[in-house]
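Report on the structure given below.
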Amino acid sequence: MGNEHHTGTESHSQVCVIGLGYVGLPTALLVASQGIAVQGVDVDQARVAALQRGEAAGSEAGLNDLLRAALQNGTFVPALTPCQAEVFVIAVQTPVTADKRPDLSYVETVARDIVPHLSKDTLVVLESTVPVGTTKEVLCPILAESGLDIGAEVLVAYCPERALPGNLLTELLHNPRLAGGINELSAKQAADFYRSFVRGPVLATDCGTAEMAKLMENTFRDVNIALANEMAKLAEAHGVDFWAARELANRHPRVDIHEAGPGVGGHCVPLDPYLLIDRHWELAPLIRQARETNDSMPEHVIRLLEEVGRVGPPGPVAVLGASYKRGIDDTRESPSARLIEILQARGYDVRVTDPKATSFRYPLQGFEAAVSDAAALILAVDHDEYARMEPGEMRRLSAARLVVDARNCLDSRDWTDGGFEVVTLGRRESDQCEF
Ligand code: SAJ
């Protein structure tokens, strides 16, 4: 990356990453760790100030160390507005509106913000998850306002991130990357850029294919989880243990049944199917049904609680786990939020606790305060801290003798022997023998 094309007095970095959220920040830091000068831009003043002090939000392993090293080397500069750069990476959110339509306003705003900083030979990469067609139909027309020839003077590509929250840095570094250009030259340039800092294979393609692939990945996950959830309900109806049957079914070389649970959370899997089916809902009854099935799971968990007939409103009920999945502090779209909303609407007094999360729509309590006078516990997230709980210790800490395990996290035999009634999602103990 030479800078011979850049003139004038504007400050200049080699790479400018816009949107310092859970994808943008680690990406910026990985690039910076290669000795490349990176400017990281975010409109959130508090976030930028914290980054300048060397504090990264969230609990991703290794992120803070990487941040401090990059600040010390001077390879990473957090800022509020973009400067001129050879490569722009757009990694802002693309939320879904209340009526499940994509909101591309953040991408559009950022695209407009970088127009004055474009020059000949700039590469613009979109990483945000977007509906198919967005790179060519939304991003390129805005970039063309620069007066530069898009596709010749300014190269443009769609390169989705595919890293799993909780294991972000490792996956960003090692997962295969897609470099989807608006033309061959753009794909080649984008592939070269990613090869400068990722170790996994970089696969060049066109931008529409890359957009579709990203949405297919998360929709595949959502539909498969819905299938598991439906099978868990059927196992309950048949008096069979879904988890035992799943283990056996997954011994088939071409079967991979996902885990059933209280629903699907996070900012990707429950939203991306709507980006995929946007403007074509009539073509996707299966995908829509999967969304409905997964959204119905909190209600199902409460049905499991109430079927026991031991606990009713006002409870109290303690919900263990607020994050959207195990091991992370992220509570966005967490199934626990919907679970609590329904419980409260039915008149339950609800206590919520989580070993990782610090911010949640409902007040979080310490573990002991949450469980002490509860009449029932709902295990909503299979954090390690919960998997390690001992029934004897729980008897000492809590008045509850009923546990609804929505994640198959506890050894139900141990807990039953320990004096608890355990209802596990997907499991009906019938006349099964021990093998
Ligand atoms: N879940 C289940 N059963 C399962 C797996 C997950 O109920 O068998 C639930 C989780 O508890 C959670 C939700 O689904 O509530 C989503 O969790 P996840 O681990 O499936 O996915 P995310 O949202 O953390 O990350 C996904 C990943 N996509 C895929 O695995 C296809 C990740 O690789 C993407 O980069 C990320 O979305 C993204 O940013 O798009």
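Near Ala79, the amide H atoms lying under 5 Å from its own belong to Gly40, Val41, Asp42; only residues 5 or more places off or on other chains count, and H is placed 1.01 Å from N. Once C-alpha pairs closer than 8 Å and six or more residues apart are averaged by separation and normalised to the residue number of the chain, the relative contact order reads 11 percent. Once the mean of 1/r is taken over each pair of separate Cα atoms and inverted, the stretch 112-160 shows a Kirkwood hydrodynamic radius of 10.9 Å. The distance separating the Cα centre of the stretch 124-166 from that of the stretch 229-302 comes to 32 Å. To the nearest ten degrees, helix 105-114 and the longest principal axis of the Cα atoms of the chain are 30 degrees apart.
Please give the helix 297-307 orientation as an angle from the longest Cα principal axis of the chain, in degrees from 0 to 90, rounded to the nearest 10. It works out to around 10 degrees. On the basis of the beta-carbon distance and an R0 of 41 Å, Gln365 and His280 show a calculated FRET efficiency of 0.40.
Based on every Cα atom in the stretch 247-377, Rg and the maximum pairwise Cα distance Dmax equal 16.9, 50 Å. Give Lys188/Lys325; Lys100/Lys120; Lys100/Lys233; Lys214/Lys356 a once-over and call out the pairs whose C-alpha atoms are over 30 Å from each other. In this structure, Lys188/Lys325; Lys100/Lys120 lie more than 30 Å apart at Cα. For the stretch 187-235, the list of trypsin sites (Lys or Arg not before Pro) that fall in a loop by DSSP and count at most 16 other C-beta atoms within 10 angstrom reads Arg199. Taking 16 Å as the cut-off, the amide N atoms of the stretch 273-298 that come nearer than this to a point 7 Å along the Cα-to-beta-carbon line of Asp103 belong to 274-275. For the stretch 347-435, the set of GluC sites (Glu not before Pro) satisfying both a DSSP loop assignment and a count of at most 16 other C-beta atoms within 10 Å is given as Glu429, Glu434. For the stretch 48-54, putting each phi into the Karplus relation 6.51 cos²θ - 1.76 cosθ + 1.60 with θ = phi - 60° gives couplings of 5, 4, 4, 5, 5, 7, x Hz, in residue order, rounded to whole numbers and with x for Gly and Pro. Report the far tail of the P(r) of the chain, meaning the percent of Cα-Cα pairs longer than 36 Å. Considering the chain, 35 percent of its Cα-Cα pairs are separated by more than 36 Å. A cut-off of 5 Å between modelled amide H atoms, ignoring neighbours fewer than 5 places along the same chain, links Thr424 with Asp405. Angle of helix 335-345 to the longest C-alpha principal axis of the chain, folded into 0 to 90 degrees and rounded to 10: 50°. When only alpha carbons are used to place a centre, the stretch 340-361 and the stretch 197-214 end up 39 Å from one another. With viscosity set to 1.567 mPa s and temperature to 4 °C, compute the Stokes-Einstein D of the stretch 205-289, Rh being the Kirkwood radius across alpha carbon pairs; µm²/s, no decimals. The Stokes-Einstein estimate is 90 µm²/s. Sparsely packed loop sites in the stretch 339-371 (the trypsin sites (Lys or Arg not before Pro) outside DSSP H, G, I, E and B with at most 16 other Cβ atoms within 10 Å) comprise Arg346, Arg361. Remark: spin-label model distance Asn64-Leu227 equals 4.1 nm, labels positioned 7 Å along the Cα→Cβ axis. With each label modelled as a point 7 angstrom along the Cα→C-beta vector, the Asn183-Leu234 pair spans 5.1 nm. One way to sum up the overall shape of the stretch 82-171 is the equivalent ellipsoid from its Cα gyration tensor, whose semi-axes run 23, 17, 11 Å, largest first. Return the long-range amide H neighbours of Gly180 (sequence gap of 5 or more, or a different chain), with a cut-off of under 5 Å between placed amide H atoms. Under 5 Å from the amide H of Gly180: Tyr158, Cys159, Thr205.
Net charge in the neighbourhood of Leu29 (other residues with Cβ under 11 Å of its Cβ; Lys, Arg +1, Asp, Glu -1) is -1.
Each reported figure results from applying straightforward, stated rules to the coordinates on display, with no laboratory input. This one's a predicted model, so the numbers in the text were calculated from it and none came from an experiment. Counting neighbours? That spans all protein chains shown, and the Cβs are built from the backbone with ideal geometry, glycine included.
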